[in-house]
Amino acid sequence: MSEHNQVKMVGMNYDKDRPAAENPIKVQDLSLRDGHQSLFATRGRTEDMIPIAERMDEIGFWAVEVWGGATFDTMHRFLGEDPWERLRTLKRYFKKTPFSMLLRGQNLVGYRNYADDVAKLFVKKTVDNGLEIFRTFDALNDYRNFETVVPVIKECGAHFQGCICYTLTEARLGGEVYNLDYFLKKAKELEDMGADSICIKDMAGLMAPYDAYELVKTLKANVKPLIHLHSHFTSGMSPMAHFKAIEAGVDIIDTCMTPYAYRTSHAAIEPLVMSLLGTNRDTGFDIKALAEINDILEKEVLPKYKHLLDDTKVSMIDINVLLHQTPGGMLSNLVNQLREMDALDKIDEVYKELPRVRKELGQIPLVTPTSQIVGIQTVNNVLFDTKEERYKMITAQVKDLCYGLYGKTSVPIDPEVQKKALKGYDRGETPITCRPAEVLEPELEKAREQIGDLAVDDEDLVLYALFPVTGKKYLMQKYGREEMPDSLKPITLKDVEKQAEMIKKAKAGQLIERSKPENIPEKSEYARVFNVFVEGEYFEVGVDEVGGAPVITYAAPAPAAPAPAAPVAAPVAPARQVAAPKSPAKSAPKTAAPSPATGTPVKAPMPGMIIKYAKNVGDAVNEGETIVVIEAMKMENALPSPAGGVISAINYKSGDSVAKDDVLAVIE
Ligand code: CO
């Protein structure tokens with residue numbers, strides 16, 4: 001029996017004034033970032049964090065993760081919220097507990113490497129707004145991508161936590177690439193960079209308990225910084241991995257409050273508190289205080305998010321992760337992408353092609369953004385490749401990866417794939433070997449010029465520099481130059497009750513039949529549409545606010561024929577993370593432009609968002625020249641002209657959502 005397991009007191013209760021442990025495990029709570037990112041598509045709103053904030057601050061967490069990862073993107077894109085404002089607001093409630101964030105190295109909170117000037121200003125503004133711990137990772141574990149941000153983190157007096165992305169090519173730790181030596185070498189690199197702590201970031205939940213023990217023991221014996229374990233629950237192994245890591249002497253672990261725990265999120269804190277009670281690693285946390293927080297979340301907050309939970313499966317764990325060694329989120333993204341392209345039957349081919357594409361692209365770890373890069377390229381290969389030709393549609397991000405723009409891959413990229421990807425690549429056909437950001441021109445001044453006085457302060461400027469298309473859109477809304485669409489506004493518990501009531505009625509057949517359209521009041525421009533999931537059934541509910549009182553326009557089982565009203569501003573397809581039984585692209589407000597009588601149409605091969613047109617109406621183009629760049633699943637795809645001629649029509653503009661087969665342009 002390990003010394004850590006020994007209970008020291010008989011008759012121990014869980015009063016918080018129990019004797020302190022010799023070496024209490026430190027705990028970081030992730031509910032307000034990774035928790036809702038994992039379970040509720042990052043849709044957590046600041047107003048729903050406030051009711052628990054002060055109580056959370058009393059628990060004694062080592063830190064609370066409240067920012068970074070996908071929050072920055074999602075907030076301005078889908079919630080109509082200023083990400084910076086969240087930090088400042090929460091800081092007023094958390095007076096003791098440090099704030100931590102997930103920083104994607106030189107990718108910051110986006111999906112590509114940004115120039116050094118943007119990275120420096122981002123870190124500085126983040127500290128200014130209240131952030132204290134920077135959990136920093138690089139998708140390739142190439143720490144040259146930390147070289148710009150780390151000195152700024154240090155100068156600002158913040159805590160630099162360096163991550164090692166935990167990934168495998170085999171079922172357990174080991175093999176040629178990702179073995180114990182690899183992780184130890186990475187830990188030493190981080191120590192040499194001045195890491196205050198080192199996080200083993202097991203984003204896919206791949207870590208087996210005995211591997212956790214071996215890895216933590218080795219790191220504790222060989223490096224000085226605190227060792228922190230971040231292991232997602234996805235596969236079901238993480239609570240066991242936590243326990244073995246605690247026995248091996250890990251310093252800090254990550255958990256969530258129960259309503260934000262399990263599935264693709266993290267293990268809950270409460271069972272851990274009880275399991276360690278009276279041991280020399282006792283958390284010292286007050287279980288009753290935790291229960292009170294859970295109660296508030298259950299009653300006041302989570303009813304607003306429940307519909308976002310992917311409840312298409314009964315099982316809490318994802319066996320596919322154990323089978324494929326890939327993050328669960330990545331797999332569900334692939335399924336969604338295939339569904340939106342009506343190609344769900346190709347999923348087995350995707351599973352088969354995935355390890356092959358990963359190996360050809362340098363056996364890279366699979367974490368944002370590399371999981372998307374490998375995943376979407378795999379889908380493209382399965383959908384568009386022919387027997388004669390592989391990699392027919394290579395995304396811009398794969399080209400960047402092949403050029404070296406993300407960093408050094410774990411093993412060299414397949415030379416043939418690399419050569420094909422870099423043919424005609426605008427930065428050059430010879431890949432770089434230097435630190436990636438060295439080839440990036442400064443971006444800040446150009447961004448400042450472009451956004452002009454729409455950016456009132458540096459926070460606005462950084463938002464725009466990181467997300468030019470959606471960031472500008474948000475700033476227009478923030479400063480009242482464009483109306484905030486209703487779809488971005490929060491819902492209340494009252495809305496949730498109304499929806500539940502409607503669904504009950506709909507199920508009892510008490511709603512106005514849609515076959516009698518004269519009974520349906522006309523939908524106003526303020527009508528909002530909710531997707532509601534009940535016991536495996538799916539309803540689309542339209543709520544129209546008339547004179548302050550919500551009036552239900554209709555509630556319809558979703559699979560039925562065209563709903564009387566199309567959802568307003570359906571979320572952009574690329575960032576959808578929640579499985580929905582209905583393709584959002586199909587219900588998007590724009591219908592496909594009719595095929596032209598003459599000319600060759602340039603059609604969208606997938607649903608997505610227009611990034612930019614490379615040509616204007618009247619421009620002459622050659623076959624194969626890029627006409628338009630479309631973003632799908634956050635990857636950019638340059639669409640080539642199917643014929644030579646002159647552009648006679650351009651049907652969309654930057655920022656528009658398009659469905660598969662929409663005609664984007666016409667060549668005469
Ligand atoms: Co995570």
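The values are calculated or read from the model by the stated rules, or taken from the named source; none is laboratory data. This is a predicted model, so every value here is computed, not measured. Methodologically, a virtual Cβ is constructed for each residue, glycine included, from the backbone with ideal geometry; neighbour enumeration extends over all protein chains shown. These accessible areas exclude ligands, DNA and RNA; they are computed on the full protein's heavy atoms, side chains included. Shrake-Rupley method; radii C 1.70, N 1.55, O 1.52, S 1.80 Å.
Annotation: peptides 479-492, 292-305, 274-287, ranked by per-residue average of other Cβ atoms within 10 Å with the highest first, follow the order 274-287, 292-305, 479-492.
Shape class for the range 203-346: oblate, because the ratio a/c of the largest to smallest gyration tensor axis (alpha-carbon atoms, square roots of eigenvalues) is 1.5 or more and b/c is at least a/b. Take each peptide in 82-91, 449-458, 415-424, count the other Cβ atoms within 10 Å of every residue, and average; sorted highest first, the result is 82-91, 415-424, 449-458.
Placing a pseudo-label 7 Å from each Cα along the Cα-to-Cβ vector at Glu22 and Glu388 gives an inter-label distance of 7.3 nm.
Please tell me which of these pairs span more than 18 angstrom C-alpha to C-alpha: Lys419/Lys603; Lys96/Lys304; Lys26/Lys96; Lys91/Lys473? In this structure, Lys419/Lys603; Lys96/Lys304; Lys91/Lys473 exceed 18 Å between Cα atoms. Near Ile650, within a Cβ-to-Cβ distance under 13 Å, what is the net charge of the other residues, with Lys and Arg +1 and Asp and Glu -1? Here the charged neighbours net out to -1.
Per-residue extension of 0.36 nm, minus the Cα-Cα distance of Arg92 and Ala620, leaves a gain of 184.3 nm for this segment.
Ordering Ser654, Ser238 by accessible surface, largest first, gives Ser654, Ser238; the 1.4 Å probe counts only protein heavy atoms, with every chain in place. Surface calculation, 1.4 Å probe, protein heavy atoms: His307 sits at approximately 60 Å² accessible. Tell me whether the range 603-652 comes out rounded, prolate or oblate; compute the Cα gyration tensor, take square roots of the eigenvalues as a ≥ b ≥ c, and use a/c under 1.5 as the rounded threshold. The shape class here is prolate. The listed residues Glu668, Glu65, Glu625, once ranked by accessible area (1.4 Å probe) with the largest placed first, stand as Glu668, Glu625, Glu65.
Computed extension gain for Ser654 through Asp426, at 0.36 nm per residue and net of the alpha carbon distance, reaches 80.0 nm. For the set Lys95/Lys124; Lys399/Lys612; Lys420/Lys615; Lys299/Lys489; Lys399/Lys446; Lys201/Lys446, the pairs lying more than 26 angstrom apart at their alpha carbons are Lys201/Lys446. Lys186 sits among other residues whose Cβ lies under 12 Å from its own Cβ, and their net charge, with Lys and Arg +1 and Asp and Glu -1, is -3. Centre-to-centre separation between the Cα atoms of the range 341-388 and those of the range 272-306: 40 Å. Sum up the charges of everything whose Cβ sits under 12 Å from the Cβ of Ile394, counting Lys and Arg as +1 and Asp and Glu as -1, but leave Ile394 out. Local charge sum for Ile394: +1. Contact order, relative form, for the range 444-486: 30 percent (alpha carbon pairs under 8 Å, 6 or more residues apart, mean separation divided by residue count).
Rolling a 1.4 Å probe over the protein heavy atoms leaves Cys156 with an accessible area of roughly 50 Å².
By the rule of a C-alpha distance below 14 Å, with chain neighbours fewer than 8 residues away ignored, the aspartates and glutamates paired with Lys653 are Glu631, Asp662.
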